[in-house]
Structures are given as structure tokens and as C-alpha cells.
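The values are calculated or read from the model by the stated rules, or taken from the named source; none is laboratory data. This is a predicted model, so every value here is computed, not measured. Virtual Cβ from ideal backbone geometry, glycine too; neighbours counted across all protein chains shown.
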Amino acid sequence: MLETLETLIKDLGIGYKLLFILMAAAAGLILSKLIHFFMNRMLKKAANKLNVDPTNYNFLKNAVSFLIFIVVIIIIFYSIPELKNLGMSLLASAGILAAIVGFASQQAFSNIVSGIFIVIFKPFRVGDFIKIGELHFGTVEDITLRHTIIKNPENRRVIIPNSVISSETILNSTIGDAKICAFLELSISYNSNIDKAIEIIQNQALEHPNFLDNRSDTDKLENIPPVIVRVISLGDSGILLRAYIWAADSGKSFVMKCDLNKSIKEEFDKNNIEIPFPHQTVYLRQETPLKITKE
């Protein structure tokens, strides 16, 4: 297509060539404005959902406009014979520089692409409580196209590059439904009363202000208890019990678990229910000494 356009322009005078340049520039300007308009709508909508400043994405719109004008300039230089040789020399020099800059900014570009994916697919939003991998967790404070800022429970800010987030597993405790079922596991000795231990766990959980009754109407009609406690395993040292306790969100769930560990331990002590620890019994056997007889 470019070769045909070049052949047609060769037969035109200087005035027509200038007219072609103006028309190509006008077409590029109009296309840039149209893309700006649609990108503004898309990014503004995404920014409202993520609760971030849409001006964070201005550079993305400017980059698209820049690419459009680059394409227009390439078409103009390639189509006009007088400018073609000059354009080839400039592109050769610029290509070497672009390769150097591109290699140096590879990681930054990866962060930008990952940030765009976060904006589009929205695995988390500002205000969500998330866990990234096995190390970092907290509340999302800000999302940019380069990094995400998380406030952890120590009130410290963890700044994670978006390319790192894209390669990790994200646990979002807020998206969809913030309610959480906490697993509270406790072990009791074999000589303890299992039913009494289960009763204590249920009563202490029901009395906690952060407890949430998550039963459906059907569960209530079937008299399913608000707190279910199951015997998980019979271990070497004791019996492992697991309580399923609901809370409104992960923060309240954490506080509730900490409080219940203390209150349940105190009630166990009052009712002679032992929380076991590993025991090891050592048997000492004395061998009969070998008697040596003289002949």
C-alpha cells in the first residue's frame, strides 16, 4: 500500500505534496482526538471503580497520541521520495537509541503493562484487604500504573511493583463478600471431656462482640448451632478440635481469634480440660552384668 502511495505522489507537484502532508497531519490529529475521547471515558470509569485519581493515567493517553503521530510521520517520510532517504537515516540512528532505552526501561514497562491489567481486570480495589504471596498483606491505599501501596497492620506502607503482584497469588478478603469464617483450632488431652470442651468453645464464641451468626433460615429451622466444632484428628499428644466462627471482616476475625484463645484457655483451666504438649516417656533398662569365670 505504501509503495502505491509513493508512486502516486511522485507524479504530484510540490503544492500537492504539501497538501498531502497537511491532510496526513489532520487525519492523525482527528484520530488522536477520537482515541482520547474513548480512552477518557474508559479510564474515568475504571478510576471510579478503583477509587483512584484518573490523572494517573494521563501519560497513557499521551503515549497513544505520540504513537499515532509517529506513524503519521513515518507514512509522510516514506511516501515522499525527497524525504525518504533522510527518514531512513534518522530512523536508523533513532533505532539504536530506542533499543538502548528500551532495554534499560524493560522493568518499568513491565510494571506499566501490569498496572493496565489491574485497571482492566480489577483483582482488587482501594480499600480492599488483600494478601500477596506469603509475606505481604494489608489494606490497599493507592494503585498506580507502576506500583501498589499497601498499609499493613503495623501501619507501615508496603510498596510493591505491579509486575511482582501479577506473578503472585492474590488473596482478596473484601471483594464480593467481606464476611470471613475463622478456623480456631485447639487441642485437648485424651483424658479431657470432649463435649465439655466443645460447649466452652461455643459459649465463648457466642459471647464475643465480633461474632456473626451466618446461619440461613433453613439452618436455624434445622437447629444447626451458630458455632460448629468438629473433631479433626486424634494426634500423638491430644485431640484436635476445630471451631468454625464467622465475623464481619478479616480485621474483626483476627481480634476475635486472639480474644478467644485467651478466654477459652481460662475456661479450660477452670474445668480441668488440659491443653496437651508433647510428652516423651523414657524407660531405663539395666542389663545383667556379664560374669566372667576363671577355669
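For residues in region 192-211 being of a type in the set (Asp, Glu) and loosely packed, with under 14 Cβ neighbours inside 10 Å, which is farthest from VAL231 (Cα to Cα)? Walk me through how you get there before you give the answer.
Looking only at region 192-211, we keep the residues that are of a type in the set (Asp, Glu), and these are 195, 199, 207.
Next, from what is left, pick out any that are loosely packed, with under 14 Cβ neighbours inside 10 Å: 195, 207.
Numbers: ASP195: 11, GLU207: 22 Å.
Among residues in region 192-211 that are of a type in the set (Asp, Glu) and loosely packed, with under 14 Cβ neighbours inside 10 Å, the one farthest from VAL231 (Cα to Cα) is GLU207.
Starting from region 183-205, take each residue that is closer than 14 Å to ILE275 by Cα and list its partners that are at pLDDT below 90 and of a type in the set (A, V, I, L, M), counting only C-beta distances under 8 angstrom and pairs at least six apart or across chains.
Listed by first residue and then by second, the contacts come to LEU186/ILE275; SER187/ILE275; ILE188/ILE275; SER189/ILE275.
Using the structure shown, decide if LYS257 is outside any loop (DSSP other than H, G, I, E, B), modelled with pLDDT of 90 or more and on the phi < 0 side of the Ramachandran plot. Step through it out loud before you land on a result.
Values: outside any loop (DSSP other than H, G, I, E, B): yes; modelled with pLDDT of 90 or more: yes; on the phi < 0 side of the Ramachandran plot: yes.
Yes; evaluated as a whole, the condition is true for this residue.
Let's see how each residue does on (1) within 28 Å of ASP128 (Cα to Cα); (2) over 39 Å from the mean Cα position of the chain (by Cα); (3) of a type in the set (S, T, N, Q):
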{"site": "GLU185", "(1), (2), (3)": "yes, no, no"}
{"site": "SER192", "(1), (2), (3)": "no, yes, yes"}
{"site": "GLY238", "(1), (2), (3)": "no, no, no"}
{"site": "ALA243", "(1), (2), (3)": "yes, no, no"}
{"site": "SER263", "(1), (2), (3)": "no, no, yes"}
{"site": "GLU267", "(1), (2), (3)": "no, yes, no"}
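So in region 214-233, with the set limited to residues that are free of Cβ contacts under 8 Å to residues at least 12 places away in the same chain and either among the hydrophobic types (A, V, I, L, M, F, W, C) or touching a Gly at 6+ places or on another chain (Cβ under 7 Å) (or both), which one is farthest from ILE180 (Cα to Cα)?
Pass one, region 214-233, residues free of Cβ contacts under 8 Å to residues at least 12 places away in the same chain: 215-224, 233.
Narrowing further to those that are either among the hydrophobic types (A, V, I, L, M, F, W, C) or touching a Gly at 6+ places or on another chain (Cβ under 7 Å) (or both): 221, 224.
Working: LEU221: 23, ILE224: 19 Å.
Here the answer is LEU221.
Output the qualifying pairs, or none if there are none: Cβ atoms under 6 angstrom, residues six or more apart or on different chains, first residue in region 61-80 and under 22 Å from ASN40 (Cα atoms) and at pLDDT 65 or above, second residue surrounded by fewer than 18 Cβ atoms within 10 Å (Cβ to Cβ) and among the β-branched types (Val, Ile, Thr).
VAL64/ILE35
Show me the strands (runs of 3 or more DSSP E) entirely contained within region 118-222 in which 3 or more residues are touching a strand residue (DSSP E or B) at 6+ places or on another chain (Cβ under 7 Å) and among the β-branched types (Val, Ile, Thr).
Values: elements: 129-132, 136-143, 147-151, 157-161, 170-172, 180-188.
The qualifying strands (runs of 3 or more DSSP E) are 147-151, 157-161.
Identify the residue in region 223-277 that is over 22 Å from PHE211 (Cα atoms) and in contact with a Phe, Trp or Tyr (Cβ under 7 Å, 6 or more places away or on another chain) and, among all such residues, is surrounded by the fewest Cβ atoms within 10 Å (Cβ to Cβ).
Per the stated criteria, the residue is SER237.
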